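Peer 1: Sharing a structure, written as structure tokens. Questions coming.
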Amino acid sequence: MLPYYISVAAVYGGLTWGSNSILPALVLHVAGDIWSLTRLWATGRPEWQLSTTAPRLLSETGADASFFVATAALIVLGAATCRLCWSLRRSRK
């Protein structure tokens, strides 16, 4: 789901930057929430849940390569976000 969320965040950020207002991104976000919640209420399952069986927990399966890749991506993207925020803050002063 990480690539999806990064893409959505880029679209929201681009809308906000391009329009110089948060309102278009806010409207798009609300519309997406309404769409997702309506689908959840209609089907009883979120759109990311592909199968009817619950996935096995990490405590049951142990850490595999995809877990380490996702953890590394979280750390790298989190650090990059913090660095970007700090540099934006310094540039505004």
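Peer 1: If each residue of separation counts as 0.36 nm, what is the full-extension length gain between THR43 and SER7 once their alpha-carbon separation is subtracted?
Peer 2: Net length gain for the segment: 10.4 nm.
Peer 1: Here is a further query. Using the Karplus curve 6.51 cos²θ - 1.76 cosθ + 1.60 with θ = phi - 60°, what ³J(HN,Hα) values do you get for each residue of the stretch 18-25, in whole Hz, with x for Gly and Pro?
Peer 2: Once θ is set to phi - 60°, the couplings for the stretch 18-25 become x, 9, 6, 8, 7, 4, x, 5 Hz.
Peer 1: Given 0.36 nm per residue, what is the gain on full extension from ASP64 to VAL76 after removing their alpha carbon distance, in nm?
Peer 2: Going from the current span to full extension adds 2.4 nm.
Peer 1: Let me ask something additional. Compare the Cα positions of THR43, TRP86, PHE68 along the charge dipole of the chain (+1 at Cβ of Lys, Arg; -1 at Cβ of Asp, Glu; about the Cα centre) and return the one farthest towards the positive end.
Peer 2: TRP86
Peer 1: Work out the P(r) tail for the chain: percent of alpha carbon pairs separated by more than 24 Å, whole number.
Peer 2: Percent of Cα pairs beyond 24 Å in the chain: 47.
Peer 1: Starting from the Cα-Cα distance between ALA54 and THR16, subtract it from 0.36 nm times their residue separation and give me the gain in nm to one decimal.
Peer 2: That works out to 10.0 nm of additional length.
Peer 1: Give, rounded to the nearest 20 debye, the magnitude of the charge dipole that the chain has about its Cα centre when Lys and Arg contribute +1 at Cβ and Asp and Glu contribute -1 at Cβ.
Peer 2: 540
Peer 1: Which ³J(HN,Hα) values, rounded to whole Hz and listed in residue order, are derived for the stretch 41-46 from phi using the Karplus coefficients 6.51, -1.76 and 1.60 in 6.51 cos²θ - 1.76 cosθ + 1.60 with θ = phi - 60°, glycine and proline given as x?
Peer 2: Each residue of the stretch 41-46 in turn: 5, 6, 9, x, 9, x Hz.
Peer 1: Let me ask something else about it. Quick check: at a probe of 1.4 Å, how many percent of the accessible area of the chain sits on carbon and sulfur atoms?
Peer 2: Heavy-atom surface of the chain belonging to carbon and sulfur, 1.4 Å probe: 70 percent.
Peer 1: Moving on to the next point. Taking only protein heavy atoms and a 1.4 Å probe, what accessible area per residue, in Å², does the stretch 2-93 have with all protein chains in place?
Peer 2: Counting only protein heavy atoms, the per-residue value for the stretch 2-93 is 87 Å².
Peer 1: What nm distance separates the two modelled labels at ARG83 and SER36, each placed 7 Å from Cα along Cα→Cβ?
Peer 2: Simple spin-label model gives 2.8 nm for this pair.
The values are calculated or read from the model by the stated rules, or taken from the named source; none is laboratory data. Only a predicted model underlies this, so the values are computations on that prediction, with no experimental measurement involved. Cβ sites come from the backbone with ideal geometry, for glycine too, and all protein chains shown count toward neighbours. What goes into the accessible areas is simple: the full protein's heavy atoms, side chains included, and nothing from ligands, DNA or RNA. Shrake-Rupley method; radii C 1.70, N 1.55, O 1.52, S 1.80 Å.
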